[in-house]
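Colleague: Take a look at the following structure, please.
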Amino acid sequence: MQIETLLTPRRTRCGLEGGSKKRALELLANTIAEDIPTINADDLFRRLVNRERLGSTGLGKGIAIPHCRIDNCTGPIGAMITLAHPIDFDAIDGEPVSVLFALLVPEDAHDDHLKALATLANAFNDREFRQRLKQSDSDDALYNIITQTPEIA
């Protein structure tokens, strides 16, 4: 998987004020909708919240991968944000989350969805990689770190 096919610099934001799980999901939805005008931020936010109701997408170790299916995209779409202050995300390990990678996939992209999630989860399992993401101090630095990581780049 080439991360550049999912993510753009405009959908990579560093050091945002999240405050809560819902606010972080709203930030992700807005970040995507600002870059892709055919995606409605409110609809995307509702889809992300509905997915969270099925079970938290907090992987642990400060990472979450909120994801959902949408009907108006032709391929997987990603957005990544880091938060200035970690938030409770009901992660499996109980740790607060400060790095979120949203993944949107077309309604019928079952295999692509699972492969992308597995690749991202594997990359986020690396302690050094997580630390570099959390220590990023700009949108550009964050984008460069994630796009230059061999496991996903």
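The values are calculated or read from the model by the stated rules, or taken from the named source; none is laboratory data. These numbers were taken from a predicted model, which means no experiment stands behind them. All Cβ positions, glycine included, derive from the backbone under ideal geometry; neighbour counts span all protein chains shown.
Colleague: Would you confirm, using the coordinates I've provided, whether Asp42 is under 22 Å from Phe129 (Cα atoms) and modelled with pLDDT of 95 or more?
Modeller: Numbers: under 22 Å from Phe129 (Cα atoms): no; modelled with pLDDT of 95 or more: yes.
Spelling it out, it is not the case that Asp42 is under 22 Å from Phe129 (Cα atoms) and modelled with pLDDT of 95 or more.
Colleague: Out of segment 104-131, which residues are touching a strand residue (DSSP E or B) at 6+ places or on another chain (Cβ under 9 Å) and closer than 13 Å to Ile146 by Cβ?
Modeller: If the condition is that a residue be touching a strand residue (DSSP E or B) at 6+ places or on another chain (Cβ under 9 Å) and closer than 13 Å to Ile146 by Cβ, then Leu120, Phe124, Arg130 are the ones that fit.
Colleague: While we're looking at this one, here's another question. Using beta carbons and a limit of 7 Å, which pairs, at least six apart or on different chains, have the first residue in segment 67-92 and more than 23 Å from Ile3 (Cβ to Cβ) and in contact (Cβ under 8 Å) with a residue 60 or more places away in the chain and the second one among the small types (Gly, Ala, Ser) and in a strand (DSSP E or B)?
Modeller: Partner pairs satisfying both residue conditions: Ala84/Gly15; Asp90/Gly58.
Colleague: Select from segment 32-66 the residues that are touching a residue at least 60 places away in the same chain (Cβ under 8 Å) and assigned to a helix (DSSP H, G or I) and list them in ascending order.
Modeller: Across segment 32-66, the qualifying residues are Ile32, Leu44.
Colleague: Oh, and also: Could you count how many residues in segment 111-133 are within 21 Å of Gly75 (Cα to Cα) and loosely packed, with under 11 Cβ neighbours inside 10 Å?
Modeller: 1
Colleague: If I ask for residues that are in contact (Cβ under 8 Å) with a residue 60 or more places away in the chain and either out of contact with any helix residue (DSSP H, G or I) (no Cβ under 8 Å at 6 or more places or on another chain) or outside any strand (DSSP E or B) (or both), which ones from segment 12-22 would you list?
Modeller: In the first step, residues of segment 12-22 are kept if they are in contact (Cβ under 8 Å) with a residue 60 or more places away in the chain; the result is 12-21.
Once the filter is applied, which keeps residues that are in contact (Cβ under 8 Å) with a residue 60 or more places away in the chain and either out of contact with any helix residue (DSSP H, G or I) (no Cβ under 8 Å at 6 or more places or on another chain) or outside any strand (DSSP E or B) (or both), segment 12-22 yields Gly15, Glu17, Gly18, Gly19, Ser20, Lys21.
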